[in-house]
1. Using the Cα atoms of segment 34-121 to build a convex hull, what is its mean projected area in square nanometres?
2. Straight-line reach from Lys76: which lysines have Cα under 25 Å away, leaving out those fewer than 8 places along the same chain?
3. Mind checking the per residue accessible area of segment 1-79 for me, 1.4 Å probe, whole number of Å²?
4. Within a Cβ distance under 10 Å of Phe127, other residues only, what is the Lys/Arg minus Asp/Glu net charge?
5. Summing +1 for each Lys or Arg and -1 for each Asp or Glu, what net charge is found among the other residues whose Cβ lies under 15 Å from the Cβ of Arg54?
6. Of all accessible surface on segment 6-129 at a 1.4 Å probe, what whole percent is carbon and sulfur?
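The values are calculated or read from the model by the stated rules, or taken from the named source; none is laboratory data. Keep in mind that what you see is a predicted model, and the values were worked out from it rather than measured. All Cβ positions, even for glycine, are placed from backbone atoms using ideal geometry, and neighbour counts span all protein chains on display. When the accessible area is computed, the model is the full protein with side chains, heavy atoms only, and any ligands, DNA or RNA have been set aside. Shrake-Rupley method; radii C 1.70, N 1.55, O 1.52, S 1.80 Å.
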Amino acid sequence: MRCPYCGSTNTQVKDSRPSEDHTTIRRRRVCADCGGRYTTFERVQLRELTVLKRSGRRVPFDRDKLMRSVQIALRKRPVEPERIERMVSGIVRRLENMGESEVKSEAVGRLVMEALKALDDVAYVRFASVYKNFREAKDFEALLGELTAADDDEEAPPGRAAASAED
Ligand SMILES: [Zn+2]
């Protein structure tokens, strides 16, 4: 496994242990050339997936890329890394279980939105705003309204409360 710092392939595994739910193996590695330390994860991959982009281009499904976009949406949100990890694994399993070797990027986006909606409202809105490529603030407001309506147990922010009082 090539060192991410110096590019050397001369790296050693220092420690291997399974995650709590035994779905991954975590390996701590150290580079013999630059001393850099990093971690790799080993996971089961049920099938090779290809993503069909809106542009018509096909790219291999990349779990890390999916994880990065989810993490951007969840930036500074109070969600434990384990839950994010489980969420992403759940999405990947669902994609694999669709039984197709090719999935549309829209299908991936939909699954991420569903999962984020269950996990964290703010992250959901962030992701959805990028994914749905909103051009108008109106669309955003409609989505926020949808979320506020779904959250009966949470107090509406002052701005929303004022807006509904005018209705
Ligand atoms: Zn190195």
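1. Values: hull surface 29.8 nm².
About 7.4 nm², averaged over all directions.
2. Partners found: Lys65, Lys117, Lys132.
3. On the way: 5800 Å² over 79 residues.
Roughly 73 Å² per residue, with all protein chains present.
4. Working: positive: Lys117, Arg126, Lys132; negative: Asp120.
Residues close to Phe127 contribute a combined charge of +2.
5. Values: positive: Lys53, Arg57, Arg58, Lys104, Arg110, Lys132; negative: Glu102, Glu106.
Neighbour charge sum, excluding Arg54 itself: +4.
6. On the way: 3600 of 7720 Å².
The C+S portion of the solvent-accessible surface of segment 6-129 is 47 percent.
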